[in-house]
Amino acid sequence: MDILFITHNRLGDAVLSTGLLGHLIDRFPEARLTVACGPVPAPLLALAPNVEELLVMEKRPLAGHWWRLWRSVAGRRWDLVVDLRGSAIAWLLRAGERRVLRPDGDRQHRVRHLAGVLDLTPPPVPRLWLRPEHAVAAAELIPEGPPVLAIGPTANWGGKQWPADRFAELARRLTHGGGIMAGARIAVFGAPDERPAAAATLAGLPAERRLDLLGRVDLPTLHGCLGRCQFFVGNDSGLMHMAAAAGIPTLGLFGPSREELYAPWGDRAAAVRTDLGFDDIRHDPAYDYRRQDCWMMTLSVDKAEQAAVALHRRLHGGGAGARP
């Protein structure tokens, strides 16, 4: 059986689609999978079982990336085409069955929306795959020792980025003597070009407990590192969705994006947002998505801490000093 699975360019959207990909792998274990996605999530999706070919769709002028994809896949007959980009390409291919994502007017969480492509209830949980070499590399970067609080202080847009010094303050509170992760190490994650944005976070952390992983690992190894952590706090980002897919308690911070659509998915995840609602932010006369102005200022450290403690208590029980 030959399956073409077309998913997203952005890391977060691609991670959210992996529950659907995993379902296909489980349902058709002998199938030959071809996956088309953007360059950023490609290293993660390449690790999925039965992926025979990975087609990287780098954006080109005049939708040239779509023509290139069509030329790569038009010569085959597909038993199933799953197109999560809602493009016309599924209808231009020889296929036994086509499942194409259609707009839903932003009425439900992205995971539920994606699950509807295959009429799946409940929605399959996003998951990522790991090879032994990535697990070994992760163990070298985060060796055995005290628990680890993972933080993701960056995002793909400045508007969604909580102030870096507040991340440092939150991490100190959660790991101090009475915190939910007392004595924990603190791992800081991000891309190489995000180091300036995270500089104030790194500077505000105790050096003896700080694990600086900014730009030091590829995505599969980063996934392995997240799996060695005991709690994650971060902005609405692909990293946040990776943490939830790794199965660790994940708290996402939201402001100019909608948690009802993009909150980290799963029973071990939660979201907290700014005092300003999404519509309040978007309708503010000063709002401009083309600028990098921060719209996270009305999320206080106190409120984020309360949300982290509430998630911890829901999962583990006990008081503020209970260990994960």
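List of remarks:
- Looking at GLY86, GLY116, GLY75, GLY96, just one residue is at positive phi and among the small types (Gly, Ala, Ser), and that residue is GLY86.
- Identity of the residue in region 73-93, of a type outside the set (Phe, Trp, Tyr) and without any contact (Cβ under 8 Å) to a residue 24 or more places away in the chain, that ends up surrounded by the fewest Cβ atoms within 10 Å (Cβ to Cβ): GLY75
- Filtering ARG10, ARG32, ARG27 for residues that are without any contact (Cβ under 8 Å) to a residue 12 or more places away in the chain and outside the structural domain of SER237 (by TED's automatic domain parsing) leaves a single hit, ARG27.
- Where strands (runs of 3 or more DSSP E) sit wholly within region 225-324, none has at least 2 residues that are in contact with a Gly (Cβ under 8 Å, 6 or more places away or on another chain), polar (S, T, N, Q) and more than 21 Å from PHE167 (Cα to Cα).
- A residue that is surrounded by fewer than 18 Cβ atoms within 10 Å (Cβ to Cβ), more than 24 Å from the chain's Cα centre (by Cα), free of Cβ contacts under 8 Å to residues at least 60 places away in the same chain and within 20 Å of ARG102 (Cβ to Cβ) occurs somewhere in region 53-65.
- The single condition among (1) modelled with pLDDT of 95 or more; (2) more than 22 Å from LEU128 (Cβ to Cβ); (3) out of contact with any Leu (no Cβ under 7 Å at 6 or more places or on another chain) that VAL81 does not satisfy is (3).
- Unique match (being closer than 19 Å to SER87 by Cα, more than 15 Å from the chain's Cα centre (by Cα) and among the aliphatic types (A, V, I, L, M)) among ALA36, ALA48, ALA31: ALA36
- Close pairs (6 angstrom Cβ cut-off, 6 or more residues apart or separate chains): among the β-branched types (Val, Ile, Thr) in region 298-311, part of a helix (DSSP H, G or I) anywhere: VAL301/ARG166; VAL301/GLU169; VAL301/LEU170
- Note on region 295-315: among residues that are of a type outside the set (A, V, I, L, M) and surrounded by fewer than 17 Cβ atoms within 10 Å (Cβ to Cβ), the one that is nearest to TRP265 (Cα to Cα) is ARG314.
- Any hit, region 291-311, residues being under 26 Å from HIS113 (Cβ atoms) and of a type in the set (Lys, Arg): no
- Scanning region 136-173 for residues that are assigned to a loop (DSSP other than H, G, I, E, B) and without any contact (Cβ under 8 Å) to a residue 12 or more places away in the chain returns PRO143, GLU144.
- Output for region 92-115, where each listed residue is within 27 Å of ALA74 (Cβ to Cβ) and outside any strand (DSSP E or B): LEU92, LEU93, LEU101, ARG102, PRO103, LEU114
- The single condition among (1) in the same structural domain as PHE254 (by TED's automatic domain parsing); (2) not in a helix (DSSP H, G or I) that ARG127 does not satisfy is (1).
The values are calculated or read from the model by the stated rules, or taken from the named source; none is laboratory data. Quick caveat: nothing in here was measured; it's all calculated off a predicted structure. In this analysis, Cβ positions are derived from the backbone assuming ideal geometry, glycine residues included, and neighbour counts consider all displayed protein chains.
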